[in-house]
Amino acid sequence: MRHAFLTLLVLVVLSTATAHADTVVVTADRMVDVLAGRAVAKPQITITDGRIVAVGTQGAPIPAGARHLDLPGITLLPGLIDMHVHLTGDPHYSGYRGLEFTDGFWTVVGVANAKRTLEAGFTTVRNVGSADYADVALKQGIEQGFVPGPRIVPATYAIGATGGHCDATEFPPSISVPSPAVANGPEEIRATVRKLRKYGAEVIKFCGTGGVLSKTDTVGGQQYSLAEMTALVDEAHQLGLKVAVHAHGTSGIKDAIRAGADTIEHASLADEEAFQLAKQHGTYFSMDIYNDDYILAEGAKNGLFQESLDKEKQIGRRQRETFKAATAAGVRMIFGTDGGVYPNGDNAKQFATMVAWGMTPIQAIRAATVTAAEALGRSSDVGAIAAGRYGDLIGVSGDPLSDVVRLQSVEFVMKGGAVVKALPAAR
């Protein structure tokens, strides 16, 4: 008797859960199947409780009680992924201009940038460097429904050597600047990885070479030894975290790959040996080849250091040439823009630059969807319109497979089955 009662109770619970499941069916003119690399006509996508449960063709039965959202004239794509952003950054306050504001100001900037980024069609981002654990705060605020924004994979602080790209080098010795992620030597580096993980890091970012926006270093000079890089990567991987390394210079890129880093950020001066190493180790390149245009056009008026402008002039064109060579060599490429160095929300402008420098449109789109999801280790959740993944969809007019500039004008955004940006009423 008791067994029969429990069985009945389970059936009632399951029936109630099914009755209250939120189901939406989305139809459109076309869909880009990034897994197959082709367009599909008249798609019908069923999403229940935020996850895709079926992908088919219009005319298939629609579940009872489901909402139907039809998007005429629209091509659907998976929500886009930017693997290299700084949501709490704003290039209009470059150089010393950022010192005019209190520390918490940048979290407020991040709230605005998160909304812009999501409405631009980027439903997932990897935030690879933020002071005061502000990217974790943003992630928590978004997940609790206080502010709109993409899914965030936070790195918290970027780890770096004393005097390196991830240290504050623009002040005299009399000014002490908090440096919670400056670490030297394998043991200190390991301890810093553990600390950042403790406070919310889901990926570890470190600076393996100099950079453009730091004031005093050379852009390509290596700043961590192979032993230090290996200790960092081993510790992060032991904790289940992937590792992104800022690296412009050739030797630093190659040592980071040898150390087991998962993604190389910038990769400006990678050579043929670096390409082969990346292919052997399964390392991804994340190359921000659009922002050179913005930095050189707007950097001076934004207050950027002259040293940084000079370094950008030295490195920008060479990075694009490296991107073209790496693509031709078959290196696995992911979409990373360095949002925050240019205005967040303009992320999609990079697609056209990627195509101009050697990619096909579908390669560029895959870099921001299925390949990015692979690099995150989250292929079961994001990166494609497929059963089991989140109901993250974007819609554009026309055919982005023939004109990637279409991705700069996203008309529809859905995140987890909820509409974030609807089609204009006139449609």
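The criterion of at least 1 residues that are over 30 Å from Asp293 (Cβ atoms) and of a type outside the set (D, E, K, R) is met, among strands (runs of 3 or more DSSP E) falling completely within region 350-427, by 412-415, 418-421.
No other residue among Ala60, Ala64 is open to solvent by less than 60 Å² (accessible area, probe 1.4 Å) and modelled with pLDDT under 95 apart from Ala60.
With respect to the conditions (1) touching a Ser or Thr at 6+ places or on another chain (Cβ under 6 Å); (2) buried (at least 20 other Cβ atoms within 10 Å of the Cβ), Ile204 falls short on a single one, namely (1). The selection criterion, being touching a residue at least 40 places away in the same chain (Cβ under 8 Å), buried (at least 23 other Cβ atoms within 10 Å of the Cβ), hydrophobic (A, V, I, L, M, F, W, C) and closer than 16 Å to Gly395 by Cβ, does not hold for Leu87.
The single condition from (1) part of a helix (DSSP H, G or I); (2) over 30 Å from Gly50 (Cα atoms) that Val108 fails is (2).
Can you find even one residue in region 83-99 that is at pLDDT 95 or above, more than 23 Å from Asn302 (Cα to Cα) and part of a strand (DSSP E or B)? Yes, region 83-99 contains at least one residue that is at pLDDT 95 or above, more than 23 Å from Asn302 (Cα to Cα) and part of a strand (DSSP E or B).
Residue by residue, here is whether (1) under 25 Å from Ala368 (Cα atoms); (2) open to solvent by less than 10 Å² (accessible area, probe 1.4 Å) holds:
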| site | (1), (2) |
| --- | --- |
| Gly185 | no, no |
| Gly208 | yes, yes |
| Gln223 | no, no |
| Ala256 | yes, yes |
| Glu272 | yes, no |
| Asn291 | yes, yes |
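Consider Gly98 carefully, then state whether it is open to solvent by 10 Å² or more (accessible area, probe 1.4 Å) and under 25 Å from Thr169 (Cβ atoms). Yes; evaluated as a whole, the condition is true for this residue.
Report, by residue number, each residue of region 28-37 that is farther than 19 Å from Ala372 by Cβ and open to solvent by 30 Å² or more (accessible area, probe 1.4 Å).
Answer for region 28-37, where residues must be farther than 19 Å from Ala372 by Cβ and open to solvent by 30 Å² or more (accessible area, probe 1.4 Å): Asp29, Arg30.
Residues considered: Leu309, Leu304. Of these, the only one that is in contact with a Gly (Cβ under 9 Å, 6 or more places away or on another chain), under 16 Å from Leu213 (Cβ atoms), assigned to a helix (DSSP H, G or I) and open to solvent by less than 50 Å² (accessible area, probe 1.4 Å) is Leu309.
Only residues that are in contact with a helix residue (DSSP H, G or I) (Cβ under 9 Å, 6 or more places away or on another chain), over 29 Å from Glu188 (Cβ atoms) and in a loop (DSSP other than H, G, I, E, B): list them for region 118-164, please. Ala120, Gly121, Phe146, Val147, Pro148, Gly149, Pro150, listed by residue number. Of everything in region 316-345, what is surrounded by fewer than 24 Cβ atoms within 10 Å (Cβ to Cβ) and out of contact with any helix residue (DSSP H, G or I) (no Cβ under 8 Å at 6 or more places or on another chain)? Give them in sequence order. Of everything in region 316-345, those that are surrounded by fewer than 24 Cβ atoms within 10 Å (Cβ to Cβ) and out of contact with any helix residue (DSSP H, G or I) (no Cβ under 8 Å at 6 or more places or on another chain) turn out to be Arg318, Glu321, Lys324, Ala328.
Could you count how many residues in region 296-314 are without any contact (Cβ under 8 Å) to a residue 24 or more places away in the chain and basic (Lys, Arg)?
First, pick out the residues of region 296-314 that are without any contact (Cβ under 8 Å) to a residue 24 or more places away in the chain: 296-297, 300-301, 306, 309-310, 313.
Now narrow it down to the ones that are basic (Lys, Arg): 301, 313.
Number satisfying all stated conditions: 2.
When region 105-130 is filtered for residues that are open to solvent by 40 Å² or more (accessible area, probe 1.4 Å) and either within 26 Å of Ser397 (Cβ to Cβ) or at pLDDT below 95 (or both), the ones remaining, listed by number, are Lys115, Arg116, Glu119.
Set side by side, the residues Ala367, Ala375, Ala384, Ala352 differ, and just one is touching a helix residue (DSSP H, G or I) at 6+ places or on another chain (Cβ under 6 Å) and open to solvent by less than 10 Å² (accessible area, probe 1.4 Å), which is Ala384.
The values are calculated or read from the model by the stated rules, or taken from the named source; none is laboratory data. Please read all numbers here as calculations on a predicted model, not as lab measurements. So basically every Cβ, Gly included, is an ideal-geometry build from the backbone, and we count neighbours across all protein chains shown. Side chains are part of the model used for accessible areas, which takes the heavy atoms of the whole protein and leaves out ligands, DNA and RNA. Shrake-Rupley method; radii C 1.70, N 1.55, O 1.52, S 1.80 Å.
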